[in-house]
Amino acid sequence: MAANVYASATEDDQGPWTSGSVTIDCPDVGSRLTSVPDAAGEEVDRELALLDQQIAAAYQQLQNSAQAVRDDAGFADNAVMNPLKEKRAATIERIGIAIDRVADRPEGLSDLAACTLRTADDNAGEEAGGDGGDGQNQGDGQQGGDGQQGGDGQQDNGGEGDGQQDDGGGEGNGGQAGNGPVAADFVDITTVQPSQQAADPGAGPSKGTFATSCGVNANGLFNSDNVIVAPGVTNGAHHFHDYVGNQANDAFASDDDLANGETTCVDQGDRSSYFWPVLRLQNGTQEQDAQSPGGGVEGNAGEIVTPKEVTMTFVGNPRSEVTAMPRLLRIITGDAKAFVNGTANANASWSCTGFEDRQLKDKYPVCPAGSDVVRSFRFQSCWDGNNIDSANHRTHVAFAAADGSCPAGFKAIPQLVQRIVYDVDAPSLQDGGRTTPLFAVDSFPEQLHKPVTDHGDFINVFDEDLMNEMVACINEGRTCGAGGNGGGGDNGGGDDAGGGDDAGGDNGGGADNGGGGDNAGGDNGGGADQPGQDQGQDQDQGQDDGQQQPPAQNPTEPSTEPAAGGAGSADTPRTAEPRVYTKPSAKSTKPAAETPAQDTGAKGEIGTPATAAPDESPDQSPVAADTGDTPSVVPAPQAQGGLAETGADLWPAAAGALLLIGGFVILRRSAKRT
């Protein structure tokens, strides 16, 4: 494979090796582990995180060795791919040993060690995964993904500059870090055909909506951890996340940490954690993570864009009533590795205000003047009734079918519909983003910032009373919650407007009303003058507003015992609370840095546990390309405050100085008179 890629690259001096358009495709071991005993969970999580780190290091070496690959057809295999396979084989074997101690290891693990090279324009991902098929519009919107405007302007960018590169590679990498996006990742939303719609929950037995408002992350809480997938591992995500709601979320947050964490939500009974990859402009801005793993070191570069508006609405099910989510339920929607994994689990949805009946899965939208970029997630809405997480973080929840029915044995739960709006200018595709920069979500480096890799994460930390209130509201067909104005405020937005007349709307955030507050989305969203448009834009002011407000008082009465609401079970009463089985969260003890397992291959040498302090501080320089085992160090959350706060601290001193000078002048004049 490497030789074939090399041959195609050397046919033209401006081939893929000069444009950063070659990537590494490795089997996703974590998704294959559908059952991991609790006793082995912590060890397996650390090893899975190490696999991601190895791929990131190999990809970085590949980027840095473009000239050597062009000069030597065997270089990629000998220096990158074969060593990567050996490291992965040792790590996968340790995973097998960890499971073997308490259960039978899964079959075929050793077959997942080898990786391949492929160019960014390969369709392997789409061929592998099809178009989703989960009944939640995953495949919709691809009609416009044929690249009607794809190739224009790709010829002007080729280097690793600031996103506004001089002439370079023919394909063009677009992104300032050399790994995407490219102009072909964008499409004019006006050329996209309207999407087919799933069943409308507003027409069924649970047609109410419940909105929560938790701000837009105006206080700048970021990290590159992922406590769901890689608990106890620093930089487990290899890309930055925006966090709203719970403020205690990092790699080492325990269940108790989350339960006791501060929240930016208006209703303080919602301490849930909502997080997603940040959106960046490829404009050369050096953010505080520019030289850090998870940031610029791993190809996530440029200006982080604070959302203009975030709405989070919980909607019902078109076939049955919904039952309460269990506390600390984890849900991941979408697939951060969909570009190489295929699109079976992809659930990205991109559109523009005023055009939300047109949804894109694998392209970023180019919006017309007066229209904003809209990024939305529809989370899984069926729960297995037992587990708050699963080994691959997927099998404990599921999407409803197109008609709203849940799989056998699963119960309908409130569906989280998340809608994020950005005020970003349409990029100039004709010059590869030189005039107006391209934008992209953060990603694992080898995923090349493709829009199909977008994903959202949710941990339910609703108080029991508020969750029951939500269920009653949805099942009784009411509109409730503290998210009335679309959540655009500084960490707390909303004004207790009760969710707005169209909160959840048709499909609760789908094509027509976007799941937002008062006409916040879709055909009613229309453009730049929506509620909350200027809220949360200044990251330097108002970051604590949401935390200081008292919980919103909802006039509705607490819920009576709701129905279970599985497929065909709308009238089945809930008889008992489910037993919940899950892996424990990472310990709340937070070491200065996490040391992943090293590739020794020795049984039991799995690395430093999350609760143990490392022997020495790890090297914070870029991951060593020849090992892939150097632990990443997460940058500290972005500094809060700014010039306004600095001025607030300095003006009293300045006023004092002026008074002192005035005193000297008066004394001198008095002396002259005498």
*Given 411/450; 207/450; 337/363; 308/411; 337/411, which pairs have Cα atoms separated by over 24 Å?*
411/450; 207/450; 308/411; 337/411
*Label point 7 Å beyond Cα of residue 402 along Cβ direction - residues of segment 321-361 with amide nitrogen under 20 Å*: 343-349, 357-361
*asked:* Probe radius 1.4 Å, ligands and nucleic acids ignored: give me the carbon and sulfur share of the accessible area of segment 376-465 as a rounded percent.
replied: 45
_Let me check against my output: what whole-number percent is the relative contact order of segment 372-468, with C-alpha pairs under 8 Å and at least 6 apart?_
25
_By average C-beta atoms within 10 angstrom, highest first, the peptides 67-75, 27-35, 398-406, 302-310_ = 302-310, 398-406, 27-35, 67-75
_For residue 382, distant residues with modelled amide H under 5 Å away_ = 398, 400, 413
_Cα→Cβ-extended label distance, 7 Å offset, between residue 78 and residue 464, nm_ = 6.6
*Tell me, what is the FRET efficiency for residue 423 and residue 286 to the nearest 0.05, using R0 = 25 angstrom and their Cβ-Cβ distance as r?*
0.70
*When the accessible area of segment 174-214 is computed with all protein chains present and a 1.4 Å probe, what percentage of it is carbon and sulfur?*
48
*Peptides 371-381, 324-334, 206-216: what's the order by average Cβ count within 10 Å, highest mean first?*
206-216, 371-381, 324-334
*How much length, in nm to one decimal, is gained on full extension between residue 107 and residue 395, taken as 0.36 nm per residue of separation minus their Cα-Cα distance?*
101.8 nm
*asked:* How much accessible area per residue does segment 216-323 have, counting only protein heavy atoms and a probe of 1.4 Å, in square angstrom?
replied: 18
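The values are calculated or read from the model by the stated rules, or taken from the named source; none is laboratory data. Please read all numbers here as calculations on a predicted model, not as lab measurements. Here the Cβ is made from the backbone with ideal geometry for all residues, glycine too, and neighbour counts use every protein chain on show. Accessible surface areas use protein heavy atoms only, side chains included; no ligands, DNA or RNA. Shrake-Rupley method; radii C 1.70, N 1.55, O 1.52, S 1.80 Å.
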